[in-house]
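Peer 1: Below is a structure I'd like to ask you about.
The values are calculated or read from the model by the stated rules, or taken from the named source; none is laboratory data. A quick note: this is a predicted structure, and the numbers were derived from the prediction, not measured. All Cβ positions, even for glycine, are placed from backbone atoms using ideal geometry, and neighbour counts span all protein chains on display. The protein model used for the area step is the full one, side chains on, heavy atoms only, and it has no ligands, DNA or RNA in it. Shrake-Rupley method; radii C 1.70, N 1.55, O 1.52, S 1.80 Å.
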Amino acid sequence: MSDLAPFVAAVIESRVVTELQEENQRLRAEIAQTRAAALQSARFGGCVQITGEGGSPVYAHGKVQDAEEELDDDDALVFALDLTNDLYPTCPISKAMAAEIRVNGVKVASIGEYDDDRCNSSYGDVYAEFRYHFLGVQRAPWGAFGVEMRFGPLAPLADEAPEPHQMKDEEVEDVAFTQILFTVSKTSVRSGDVLHDIITRD
């Protein structure tokens, strides 16, 4: 029996490796399905727009299905959606805070409703970029999201960099809403062998 021990051990080890590989492949397939379903789910709508008050004019738009995955952790997926601006008029800087985020035509929030302590900004030689963060917006189909806005060209900066609401329309030629980032939590709910639902709100 002792002569068979190495053989038996090798068979067991091979079986364990095979099972681990199969489990790994199964998990990878589920992750891929989760990501695809997250973007295709009707709960996220097909179209995101940045508009003026009341839904007009349109300043930027994007299709959720075109979003790219930015981050995957244990609990959530983060997606980035680049917005198209070239087809639309420029938003006057004086109206930027009143601009509305809409999903399938339904208003989710105004830019000015961002969380006061959740705004990141950076200033280059010509343009400034702001990212406004939104948490716990009941009308939003996402757990949390952010909107990036670029504006300029800028005059030489004084001691303090200006906030968008501090600037006048004649001081800024171009305002562009460039990207939306959104997070969704992950939940696998099975109906038989089919992945039935993979997203719940945060």
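Peer 1: Quick one: Lys107 ticks every box in (1) open to solvent by less than 50 Å² (accessible area, probe 1.4 Å); (2) in contact (Cβ under 8 Å) with a residue 40 or more places away in the chain except a single one, so which number is it?
Peer 2: Of (1) open to solvent by less than 50 Å² (accessible area, probe 1.4 Å); (2) in contact (Cβ under 8 Å) with a residue 40 or more places away in the chain, only one is false for Lys107: (1).
Peer 1: Same structure again: With a cut-off of at least 2 residues that are farther than 20 Å from Val78 by Cβ and modelled with pLDDT under 70, name the strands (runs of 3 or more DSSP E) lying wholly within region 120-202.
Peer 2: Where strands (runs of 3 or more DSSP E) fall fully within region 120-202 and carry at least 2 residues being farther than 20 Å from Val78 by Cβ and modelled with pLDDT under 70, they are 174-191, 194-200.
Peer 1: Which is farther than 14 Å from Lys107 by Cα and at pLDDT below 60, of Leu20, Leu39, Leu27?
Peer 2: Within the list Leu20, Leu39, Leu27, the selection yields Leu39.
Peer 1: Follow-up. Keeping to region 64-104, report how many residues are open to solvent by 40 Å² or more (accessible area, probe 1.4 Å) and in a strand (DSSP E or B).
Peer 2: 7
Peer 1: Which number in (1) assigned to a helix (DSSP H, G or I); (2) surrounded by 12 or more Cβ atoms within 10 Å (Cβ to Cβ) marks the one condition that Gly54 misses?
Peer 2: (2)
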